[in-house]
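Take a look at the structure set out below.
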């Protein structure tokens, strides 16, 4: 009896043990390689195996957590300074764990060829070691239920991401992007320190549990919320806190970019979701603010994406857009909580989390296929590519799949999550009391515009990279990516198609997450979202039917038309050139020309810079015209202000002589000062002074 | 009643496939009448399509499989979208909450693949057309959604069949200004989505000035036939939204209802023809302004409702 009881309790704790074990395996995956020769291939293979096993363990744990009634929790009898080692896998954690382990694991396989030890003997071992640490910190911060443990994991993630971004540390561009990232992430961490201090002041513990209503004053809650928006918004890349994101995503190795964009940004979203479920009674303006921030991020992100010439920067701006969409869903859920509307919560949070999944899968797919292209053509400039669908057909098809998904087009997964958010926003129309909440429906046209702009952007990107003919001769004719890189991409594409076809598969996770989120939040009162509220959502069944119809119909139509229009290769003719007799590859419409009208419409926000020569003589020499769109927020707002501050603080430079011993001394002095500050000086003095 | 639904479900797909070319014929005839010409026969588009579908094929050396996938996927997407629309004011064959979003996104899917097929040729003219089409859509889409939002606010529905169903007549009396604004907005969306004047001249002879026609310059034979038919279906589908608005009467008898629908749709085609005959094509630079105007129209229509109690 006792034995079976222990077994049962062990089994009940499985969903929390397995992720912890998996995190350990993943975290250690890159370490053996560090001790092997820089030319040895054993290290990278071992890393992938360990990572894969660890990821599988976490995944099984996450799925298992759905089958236990109360979310499993576990506290290690080991106290961290200030905190405790308390972990728990609740609905919110489980839903985030899935993409958080799937994408890095597939990225690790891809990295076998993309950044192989043989081609990069100097940096390969470092890359793999930090890659494992990053992926493990992601898991740990998702299951941590203690603020201090969370911060440890958060910093582990932030630092290992820094070393991954600067993998190619000889490249000045990478170092610059790494520096911006480093500063941004630590500003965020600072905000989280402040946030946790307020939580501690209010509740007397660092636990990430719902704040008891009695102890939380409205002012403190507002402060916590604002700090959370800053700290987590910086990580998630919400406009205008996205400044670190485009540069970092562009310079990192592509599978690292995939992880950064698909997963690391999502920890910011997770943080926001976790934080909002801690705070009781969100006022109406929180939801409105979050919704508005999401809409701004969404539109601005995609507008900036259209203006990019660098394939990876373009994808990075799309991450800002998609985080915007996710945050819109979160804002809707917050509105639902302040208005006591369970259906808004279910659709808003469900849509947001499904979009977290979807964005992870299709964005990773896009970054990986962009990486395959860059691996072959050795440039990130879209306008130097072209015609690659001919030499890399599989990569092209996979990129196209990601492009359709990210534009939110049926029959792929992006459409499903956007549909849930649309439906939720649509429901805000219903209140007939003339309350201002109906204005939330104005996010609908914003979402529609985001979709149309994204479609324009990906027509541009896919067209310029894969279609037409090569704009300039390649040094070596590009060939299809190796299978080791194609397989992870194909797996991601399958996931995109599967969720688009059978969204009901993800519903248990979404329901559980929405129930957890609203139950924790309404611990003091109010009706939580019951489990299985999303399952009966009518459209999901129809989506399956219509997606299948679309797949079958499209396949049949394409096959029929192809059969009807079969032409032998030697009977093909040149493209109709409108009568011009000598077209060249360079006369194709470039990606910049494609985007020109849209850039002109949004000129007021994008501030494109053009460097056009002024032609003075009658017979001008050859000249160049160049135009580019910088990150307005970073280059026009932040950097000038920061430079000004730096100039004003030059006199402090003597503190920074560049010797690490001295810096450690500073830390020591700071700690000493802190320790001394706890000494009750007044009491002591009182004791000393005789009465 | 049940048989009525069955009749609707059978008639709609048939009409969706067979009626569209007639709309093109009516538009051409209207324009001819304005120009004082006899014009091509009303049924000419059917002959054209039949001829194209039987023709041989010419393909460019540059193109990949995207080139033919474009028209095929676009056609499927548009026809599927057509099944979501309540053509004759009744209920669409496929209806569920949120079908209007699927409707808009199916049209977007078609646009996406048409534009890709255009870029597949590597021709700068076709690239230009694709860029314009995608750019205009970015401003037309919010206008469409704002219009649908306004209708949803008056009818309280979440599917196209609810929005264009019975309460339309009540909405005309309770929210007349909104309905007028939305009608104008949707008509503009109809014109831009189908590349009609003032956004694009389907009859222009200069590649440089075209939008939709230039995207399909290289498509010939059956592929062009599929493109033309798909475009005509799209015209019918979007016209039916306008029809749903302007014909607030809901007739119960199925034959009468469908006859009324066909007549009203042909009237919309005449209206398109009138616009094409009496207006010049806008300069490209002014097109975004007109589209923003459409957004403002439908947006105001929606804002007017925010204060009221539906």
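Touching a residue at least 24 places away in the same chain (Cβ under 8 Å), facing another protein chain (nearest Cβ under 8 Å) and either surrounded by fewer than 17 Cβ atoms within 10 Å (Cβ to Cβ) or part of a helix (DSSP H, G or I) (or both): is that true of residue A:561 in this structure? It is false that residue A:561 is touching a residue at least 24 places away in the same chain (Cβ under 8 Å), facing another protein chain (nearest Cβ under 8 Å) and either surrounded by fewer than 17 Cβ atoms within 10 Å (Cβ to Cβ) or part of a helix (DSSP H, G or I) (or both). Selection of first residues in segment A:532-558 that are assigned by TED's automatic domain parsing to the domain that holds residue A:350 and surrounded by fewer than 21 Cβ atoms within 10 Å (Cβ to Cβ) and of second residues that are part of a helix (DSSP H, G or I) and at pLDDT below 95, restricted to Cβ pairs under 8 Å at least 6 apart or on distinct chains, gives an empty result. Flag set for residue A:592, criterion: in contact (Cβ under 8 Å) with a residue 40 or more places away in the chain and not assigned by TED's automatic domain parsing to the domain that holds residue A:300.
When we screen A:430, A:470 for residues that are within 19 Å of residue A:345 (Cα to Cα), surrounded by fewer than 24 Cβ atoms within 10 Å (Cβ to Cβ) and assigned by TED's automatic domain parsing to the domain that holds residue A:393, the only hit is A:430. Checking the stated criteria, residue A:45 turns out not to satisfy the condition of being in a helix (DSSP H, G or I), touching a residue at least 12 places away in the same chain (Cβ under 8 Å) and surrounded by 20 or more Cβ atoms within 10 Å (Cβ to Cβ). Pairs meeting the criteria (first residue in segment A:569-586 and loosely packed, with under 10 Cβ neighbours inside 10 Å, second residue not in a helix (DSSP H, G or I), beta carbons under 9 Å, at least 6 apart or on different chains) are A:569/B:61.
For residue B:181, the stated conditions do not hold, so it cannot be described as more than 14 Å from chain A (Cβ to nearest Cβ), within 24 Å of residue B:105 (Cα to Cα) and within 16 Å of the chain's Cα centre (by Cα).
Taken together, the residues in segment B:72-111 that are touching a residue at least 60 places away in the same chain (Cβ under 8 Å), facing chain A (nearest Cβ under 7 Å) and closer than 20 Å to residue B:213 by Cβ amount to 2. When segment A:198-220 is filtered for residues that are crowded, with 21+ Cβ neighbours inside 10 Å and outside any loop (DSSP other than H, G, I, E, B), only A:199 remains.
Of the residues making up segment A:435-451, none is facing chain B (nearest Cβ under 10 Å), touching a residue at least 12 places away in the same chain (Cβ under 8 Å) and within 25 Å of residue A:374 (Cα to Cα).
Would a scan of segment A:229-238 turn up a residue that is assigned to a loop (DSSP other than H, G, I, E, B), surrounded by 23 or more Cβ atoms within 10 Å (Cβ to Cβ) and within 20 Å of the chain's Cα centre (by Cα)? So far as segment A:229-238 goes, yes, one or more of its residues are assigned to a loop (DSSP other than H, G, I, E, B), surrounded by 23 or more Cβ atoms within 10 Å (Cβ to Cβ) and within 20 Å of the chain's Cα centre (by Cα). Just one of the listed residues (A:589, A:580) is more than 7 Å from chain B (Cβ to nearest Cβ) and at pLDDT below 90, and it is A:580. Within segment B:41-56, can one find any residue that is within 11 Å of chain A (Cβ to nearest Cβ) and either touching a strand residue (DSSP E or B) at 6+ places or on another chain (Cβ under 9 Å) or under 30 Å from residue B:162 (Cβ atoms) (or both)? No, segment B:41-56 contains no residue that is within 11 Å of chain A (Cβ to nearest Cβ) and either touching a strand residue (DSSP E or B) at 6+ places or on another chain (Cβ under 9 Å) or under 30 Å from residue B:162 (Cβ atoms) (or both).
Residue A:683 meets each of the listed conditions (1) at pLDDT below 85; (2) under 39 Å from the mean Cα position of the chain (by Cα) apart from (2). When restricted to residues that are crowded, with 24+ Cβ neighbours inside 10 Å and outside any helix (DSSP H, G or I), segment A:308-326 contains 1. When residue A:670 is tested against (1) closer than 30 Å to residue B:138 by Cα; (2) without any contact (Cβ under 8 Å) to a residue 40 or more places away in the chain; (3) part of a helix (DSSP H, G or I), exactly one condition is not met: (1).
The values are calculated or read from the model by the stated rules, or taken from the named source; none is laboratory data. Computed from a predicted structure; not experimentally measured. As a convention, Cβ positions derive from the backbone with ideal geometry for all residues, glycine included, and neighbour counts pool all protein chains shown.
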